[in-house]
Amino acid sequence: MLNTKDFLNKQVQIYNQKSFIELDPICIPHLFTKKQDIEIAGLFAAVFAWGQRTTIINKCTDLMDRMDHAPHQFVLHHSTKDLKRLLDFKHRTFNDTDLLYFVSFLNFWYAQNESLETAFSNHLLPKDKTIEKALNGFRNTFFSLPDVSNRTMKHIASPIQNSACKRLCM
């Protein structure tokens with residue numbers, strides 16, 4: 001069995017190719033250089049990533065347009081008028097109710113934290129053999145605000161929900 005570093009390095013060789021990136025939803029976080037913009041764009045690309053790649057890329061691009069191609073700035077400093085630009089957004093079962101909660105959580109999180117990475121790593125211990133606790137902990141953290149709707153909760157997968165998310169061995 002490969003150790004985590006070797007496994008991830010092999011994956012980089014396979015997928016970190018311009019020809020793959022430009023036709024895959026991973027191209028969305030690649031539009032940015034600021035860590036927080038990459039994290040936010042990557043989160044949305046991952047949440048939207050079911051269906052046709054072209055549609056996913058188009059919907060992510062539409063969302064980044066609505067956020068003026070500065071998602072971190074948008075989630076931290078949006079006005080009520082800015083939020084109105086999000087009101088008719090929809091991708092498959094993800095709608096504006098879900099989007100407004102995501103923006104609300106991201107605003108809450110980034111007002112107190114430098115990176116979304118800690119929303120995962122805070123739940124992971126060095127002795128853990130998988131990232132299962134990190135995935136479950138992230139989901140619990142993400143849905144910790146009081147105004148979350150039940151319909152929105154289906155958009156973040158976790159092992160505890162018996163979802164299709166993967167449990168990467170470390």
Suppose the filter is among the small types (Gly, Ala, Ser) and closer than 21 Å to Gln112 by Cα; does Ser79 pass it? yes
Q. In region 24-39, is there at least one residue being of a type in the set (A, V, I, L, M), closer than 23 Å to Ile131 by Cα and either in contact with a helix residue (DSSP H, G or I) (Cβ under 6 Å, 6 or more places away or on another chain) or not in a helix (DSSP H, G or I) (or both)?
A. yes
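Residue-wise test of (1) of a type in the set (Val, Ile, Thr); (2) over 13 Å from the mean Cα position of the chain (by Cα); (3) at pLDDT below 95.
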{"residue": "His91", "(1), (2), (3)": "no, yes, yes"}
{"residue": "Leu106", "(1), (2), (3)": "no, no, no"}
{"residue": "Glu114", "(1), (2), (3)": "no, yes, no"}
{"residue": "Glu117", "(1), (2), (3)": "no, no, no"}
{"residue": "Pro126", "(1), (2), (3)": "no, yes, yes"}
{"residue": "Thr130", "(1), (2), (3)": "yes, yes, yes"}
{"residue": "Ala134", "(1), (2), (3)": "no, yes, yes"}
**Asked** Just to be sure, is Gln52 surrounded by fewer than 13 Cβ atoms within 10 Å (Cβ to Cβ) and more than 24 Å from Asp96 (Cα to Cα)?
**Response** no
Checking Ser115, Ser79, Ser104 in turn, the sole residue that is out of contact with any Cys (no Cβ under 6 Å at 6 or more places or on another chain) and exposed (fewer than 13 other Cβ atoms within 10 Å of the Cβ) turns out to be Ser79
Is it the case that Asn58 is without any contact (Cβ under 8 Å) to a residue 12 or more places away in the chain and either surrounded by 11 or more Cβ atoms within 10 Å (Cβ to Cβ) or outside any loop (DSSP other than H, G, I, E, B) (or both)? yes
Sole miss for Ile14 among (1) more than 24 Å from Leu106 (Cβ to Cβ); (2) of a type in the set (A, V, I, L, M); (3) within 15 Å of the chain's Cα centre (by Cα) is condition (3)
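The values are calculated or read from the model by the stated rules, or taken from the named source; none is laboratory data. Given the structure is predicted, the values throughout are model-derived calculations rather than measurements. Quick reminder, even Gly has a Cβ in these numbers, built from the backbone with ideal geometry, and neighbours come from all protein chains shown.
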